[in-house]
Amino acid sequence: MSQKQTLSFQAEVAQLLHLVTHSLYSNKEIFLRELISNASDACDKLRFEALDNGALYEDAPNLEVRVSFDKDAKTLTIADNGIGLTQQEAIDNLGTIAKSGTREFMGRLSGDQKADAQLIGQFGVGFYSGFIVADKISVESRRAGVPPEEGVRWVSGGAGDFEVETITRPERGTSVTLHLRDDSLDYLSTWKLKSIISKYSDHISLPILMRKEEWKDGEDDKPGDHVLTEEWETVNKATALWSRPKKDITPEQYTEFYKAISHDFEDPLAWSHNRVEGSTEYTQLLYIPARAPFDLWNREKAAGVKLYVKRVFIMDEAEALLPTYLRFVKGVIDSADLPLNVSRELLQESRDVKAIREGNTRRVLSMLEDLAKAQTAEDASEEDKGKFAKFYGEFGAVLKEGLGEDMGNRDRLAKLLRFASTASDTVSVSLADYKARMKEGQEAIYYVTAETQAAAANSPQLEIFRKKGLEVLFMTDRVDEWALNYLTDFDGTPLQSVAKGQVDLGQLQDETEKKAAEEAAESFKPVLARLKEALKDKAQDVRVTTRLVDSPACLVVSEGGMSLQLSRLLKQAGQKAPDAKPVLEVNASHPLVQKLDTSPNFHDLAHILFDQALLAEGGMPEDPAAYVKRVNALLA
Ligand SMILES: Nc1ncnc2c1ncn2[C@@H]1O[C@H](COP(=O)(O)OP(=O)(O)OP(=O)(O)O)[C@@H](O)[C@H]1O
């Protein structure tokens, strides 16, 4: 390809670019962080590839980033001597977005600039952030190891397309030149650029160089001015942040480092920085974000922890360093023991990595425990008090995956769980709080699963529990049913669904109630037999219950059976769910039920009773039209 080619951006890129230029004005300067971070990644990649092929360094073994500007041309250039791009890579990487979930993300944009800016922050705009300040970007690059004649120039005005052409470029690496918009000319200043670099990029372990400025006195009574010299100086600290002693790092620096590695716009909720010694030595810097990324639910999603070995970057997304349920954690691990040529496969098997993963898991859990403790600590600030609830709102459901995934930490995880309940509208009740409020004689922690909090609160199955003042936890996350398979008890007390098996309130039910129920069951036998016959295709059994107070009937499943809610979710997800029929339980003291035996519409009433119980429980009658017809016939 020697001629110039004009190519179109992938639709999502064009859409993103439009948003970048229209929504990110309030935080313009982040473009420099993004471009320097890309330059630094490119150097990391070169260093990594050069482990096997030293010739890639060519004659420039010192990796660095140079930031320069040209006042007359109104351009700002960020150049690195890292891995560089081939022509094809330039087309692919600067014209498309490879992230999974991109389309879904775009679908969530609302058109409201503020909300969208927030979302874009979570998504990460990377290279495209250059268009916040530039109306044209020109990238020149040559990949390490390819001849100078195979360089590439990529140019775009940030609208629908970009141009690429072949160039000759002796220097390895990439230079990104921004043609600044008129409202962004203030970046043509050494002072301004230096201050942004020290704010965002001090922690980058590569030197960032700028041309030195000198004061030149004016001649002929003209005022003096700063002029650029030919000499370059390093303007960042150029030591990896995590390798510095904790006492030398300010909270602002920790926060900026987080933003640089996560591309998040928001401050993290917490972090923990440690040098771990023992059988394996490593430095750990882990962050808990304040907001879930757009693709949190993708369990295949890139893990957020970067792996370094003795300060050399090895890989992003080192999933072996944390269990999947902690995939929201961001940070850096720098190992002193792993070999530099460690591969993903090797990581999975390494004993050192296993020790690091366990150490990381323990650290994250203790950070979360600290956040939870701060909720009620007298000396905690209002902000700190609110952090755990914020965390839980964003990541609580993911944390629950850990109950099934991480047996060893199940007890610690169980203590971190929070629920809404019949006693609390907010998701704030811990299992320990629940236990502390249990009634004398209560033998189980009761819960109900439902799709929403409102549906849970209105479950007919709860009626007897409300009447007796027994608290019931609401489980409304999709993952709850699954997670509860792994959490059968808490601190010695079993967890019991109010919609499974027969209600047995044990000592909480008095003798007269029990007797009345037995009598009702006896006298109702003939009606039950008729109901069973009428509903034999729908219900596994029909029986009299004491769990209902105001409702005529409800559906339950057998002890140990899959709840109706979970089997619906599985079916929706296209998975197989057992076709077990539920049990219909009827309230013998309800007028509708009492009227059944003598009603000329027995058959219709029986079906209405069943379908209504199904509706109340969040399900859908098998034949909604037949249901409506039956109800209308009775209303007429
Ligand atoms: N200076 C550079 N040298 C070499 N390749 C680069 C450079 N800048 C960008 N790229 C390539 O372009 C791709 C896209 O960059 P971009 O910043 O948009 O996304 P990213 O860095 O992959 O993701 P994110 O910014 O969210 O981490 C990069 O993955 C990289 O392959």
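The values are calculated or read from the model by the stated rules, or taken from the named source; none is laboratory data. Computed from a prediction, not measured in an experiment: that's the story for all the values here. As a convention, Cβ positions derive from the backbone with ideal geometry for all residues, glycine included, and neighbour counts pool all protein chains shown.
List of remarks:
- Subset of segment 455-506 (residues that are touching a strand residue (DSSP E or B) at 6+ places or on another chain (Cβ under 6 Å) and of a type in the set (Lys, Arg)): 500
- Hey, residue 130 within 11 Å of the ligand (Cβ to nearest atom) and either surrounded by 22 or more Cβ atoms within 10 Å (Cβ to Cβ) or modelled with pLDDT of 75 or more (or both) or not: yes
- Counting only residues that are touching a Phe, Trp or Tyr at 6+ places or on another chain (Cβ under 8 Å) and either part of a helix (DSSP H, G or I) or within 27 Å of residue 481 (Cα to Cα) (or both), segment 368-393 holds 4 of them.
- Of the strands (runs of 3 or more DSSP E) lying entirely inside segment 223-338, those carrying at least 1 residues that are within 30 Å of residue 69 (Cα to Cα) are 225-234, 312-315.
- The single condition from (1) modelled with pLDDT of 90 or more; (2) under 21 Å from residue 522 (Cβ atoms); (3) touching a Lys or Arg at 6+ places or on another chain (Cβ under 9 Å) that residue 609 fails is (3).
- Residue that is among the hydrophobic types (A, V, I, L, M, F, W, C), closer than 18 Å to residue 532 by Cβ and over 35 Å from the mean Cα position of the chain (by Cα), where the choices are 588, 580, 625: 588
- One residue from 342, 364 being outside any helix (DSSP H, G or I) and among the hydrophobic types (A, V, I, L, M, F, W, C): 342
- Against the test of being on the phi > 0 side of the Ramachandran plot, free of Cβ contacts under 8 Å to residues at least 40 places away in the same chain and either within 16 Å of the ligand (Cβ to nearest atom) or in the same structural domain as residue 31 (by TED's automatic domain parsing) (or both), the options 217, 221 yield a single qualifying residue, 221.
- Any hit, segment 33-43, residues being more than 17 Å from residue 158 (Cα to Cα), away from the ligand (no atom under 14 Å from the Cβ) and among the polar types (S, T, N, Q): no
- The C-beta contact set for segment 610-636 (first residue in the same structural domain as residue 544 (by TED's automatic domain parsing), second residue of a type in the set (D, E, K, R), distance under 6 angstrom, 6+ apart or interchain) comprises 610/538; 618/451; 621/611; 627/611; 630/604.
- Pairing each residue of segment 28-52 that is in the same structural domain as residue 178 (by TED's automatic domain parsing) with any residue that is part of a loop (DSSP other than H, G, I, E, B) and within 11 Å of the ligand (Cβ to nearest atom), provided the two are 6+ apart or on different chains, yields C-beta distances under 6 Å for 42/82; 42/83; 43/82; 45/83; 46/82; 46/83; 46/144.
- Scanning segment 41-87 for residues that are touching a His at 6+ places or on another chain (Cβ under 9 Å) and surrounded by fewer than 22 Cβ atoms within 10 Å (Cβ to Cβ) yields 73, 74, 75.
- When residue 477 is tested against (1) acidic (Asp, Glu); (2) more than 23 Å from the chain's Cα centre (by Cα); (3) over 17 Å from residue 500 (Cα atoms), exactly one condition is not met: (2).
- Leading residue by the ranking (farthest from residue 64 (Cα to Cα)) among those in segment 168-185 that are among the basic types (Lys, Arg) and away from the ligand (no atom under 12 Å from the Cβ): 181
- Which listed residue, of 14, 55, is part of a helix (DSSP H, G or I), assigned by TED's automatic domain parsing to the domain that holds residue 184, within 16 Å of the ligand (Cβ to nearest atom) and of a type in the set (Gly, Ala, Ser): 14
- Taking (1) surrounded by fewer than 19 Cβ atoms within 10 Å (Cβ to Cβ); (2) at positive phi in turn, residue 211 satisfies each apart from (2).
- Filtered by the rule that a residue be touching a helix residue (DSSP H, G or I) at 6+ places or on another chain (Cβ under 6 Å) and farther than 11 Å from residue 618 by Cβ, segment 449-467 gives a lone residue, 460.
- Scanning segment 592-609 for residues that are without any contact (Cβ under 8 Å) to a residue 12 or more places away in the chain and either surrounded by 21 or more Cβ atoms within 10 Å (Cβ to Cβ) or not hydroxyl-bearing (Ser, Thr, Tyr) (or both) yields a count of 3.
- Of residues in segment 58-86 being among the acidic types (Asp, Glu) and more than 16 Å from the ligand (Cβ to nearest atom), the one farthest from residue 342 (Cα to Cα): 72
- Some residue of segment 105-123 being among the β-branched types (Val, Ile, Thr), within 20 Å of residue 209 (Cα to Cα), within 12 Å of the ligand (Cβ to nearest atom) and in the same structural domain as residue 41 (by TED's automatic domain parsing): no
- Condition met for residue 149 (surrounded by fewer than 22 Cβ atoms within 10 Å (Cβ to Cβ), more than 13 Å from the ligand (Cβ to nearest atom) and assigned by TED's automatic domain parsing to the domain that holds residue 76): yes
- Residue within segment 395-407 that is in contact with a Ser or Thr (Cβ under 9 Å, 6 or more places away or on another chain) and of a type in the set (Phe, Trp, Tyr) present: no
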